[in-house]
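Okay, here's the structure, questions in a sec.
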Amino acid sequence: MSTVSKIGEYKTNLVYSLKHSDLGPLGRKLVELKPGEQAQLLGHWYSYHQTYKLLFAFRQTFWFTYREGIKLIESDNGWGCMIRTVQMVFAEILKRHLRLGQEEKDRCEIIGYFSEKREGAFSLTSVCREGAISHRWTSSLEIFSVFKKIMDKYPQRFGFQLEIYSLGVVY
């Protein structure tokens, strides 16, 4: 099954990898480095001579978009941006912790955690229900606290714990 049909099956507007998106002029501009320039993505620096590696890394990054047509919520337009941001960060954490590769099955495993149709542990609906936070802007600390609460329900599922300190630092 193709990734695009997987995304449709999961009933989310999640774009799990930019390699399946037409980046167009904007995407090319995002990774266009001039001689002597550098760019940083997810803690790694890329030089002009590593533009291809930067583009590859950029295309492997999880990207969650606005959600529409979800039962009980309708849309997260105007209030769900922080939830989506934390979901993207957490997807990257899962990818690194679970040491998942570039294989489609690995990426689909991560998508499942955020799936609305499959009631993923970290889906928008689950996060809103667990934290009682729909239709209002929420801080990243509050969202990560909800993620911790969800993870604490399934201690064996992920193989690690999420720790959050008062300054909002996540370990």
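Which residue out of 107, 118, 129, 136 is in contact with a Leu (Cβ under 9 Å, 6 or more places away or on another chain) and at pLDDT below 85?
Residue meeting the stated conditions: 107.
Then there is this: Contact list please: Cβ distance under 6 Å, first residue in segment 98-122 and assigned by TED's automatic domain parsing to the domain that holds residue 83 and surrounded by fewer than 19 Cβ atoms within 10 Å (Cβ to Cβ), second residue assigned to a helix (DSSP H, G or I) and not β-branched (Val, Ile, Thr), pairs at least six apart or on different chains.
100/106; 108/6; 118/112
The values are calculated or read from the model by the stated rules, or taken from the named source; none is laboratory data. Values in this document were obtained by computation on a predicted structure and should not be read as measured data. With ideal geometry, Cβ positions are generated from the backbone for all residues, glycine too; neighbour counts draw on all protein chains shown.
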